[in-house]
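**Q** Got a structure here, written out as structure tokens. Questions coming.
The values are calculated or read from the model by the stated rules, or taken from the named source; none is laboratory data. For clarity, every value in this text was computed on a predicted model and none was experimentally measured. All Cβ positions, glycine included, derive from the backbone under ideal geometry; neighbour counts span all protein chains shown. Ligands, DNA and RNA are stripped out before the accessible areas are found, and what is left, the full protein with its side chains, is counted by its heavy atoms. Shrake-Rupley method; radii C 1.70, N 1.55, O 1.52, S 1.80 Å.
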Amino acid sequence: MKTSVILRFVIIGLLWAGLVAMMVARTPRFTAYTAFVIVASGIIVFVPMYKKYVKNDSHRR
């Protein structure tokens, strides 16, 4: 994997983690719905990136 792809994953991962931390800090209590939102947002953010950069990269070699 190229350095630029790793850097993209790190930057977007840090932004996502920061948003999750803000959401958890501002909710009065942690519920199953909050956990669902966190997991769903992670899937929405990281699965397309994985498919585009990691999975396709292994097919090119």
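**Q** Six or more apart or on different chains, Cβ under 9 Å: which pairs go from a residue in region 37-56 that's in a helix (DSSP H, G or I) to one that's among the charged types (D, E, K, R)? Could you list them?
**A** Correct list of pairs: Met49/Arg8; Tyr53/Lys2; Tyr53/Arg8.
**Q** What number of residues within region 1-15 are part of a helix (DSSP H, G or I) and either aliphatic (A, V, I, L, M) or at pLDDT 95 or above (or both)?
**A** 8
**Q** Can you spot a residue in region 25-32 that is surrounded by 10 or more Cβ atoms within 10 Å (Cβ to Cβ) and assigned to a helix (DSSP H, G or I)?
**A** No, every residue in region 25-32 fails to be surrounded by 10 or more Cβ atoms within 10 Å (Cβ to Cβ) and assigned to a helix (DSSP H, G or I).
**Q** If we keep just the residues of region 33-49 that are surrounded by 12 or more Cβ atoms within 10 Å (Cβ to Cβ) and either of a type in the set (Ser, Thr, Tyr) or at pLDDT 90 or above (or both), which is farthest from the chain's Cα centre (by Cα)?
**A** Here the answer is Thr34.
**Q** Here is a further query. Open to solvent by less than 50 Å² (accessible area, probe 1.4 Å) and touching a residue at least 24 places away in the same chain (Cβ under 8 Å): is that true of Gly18 in this structure?
**A** Judged against the criteria, Gly18 is not a match.
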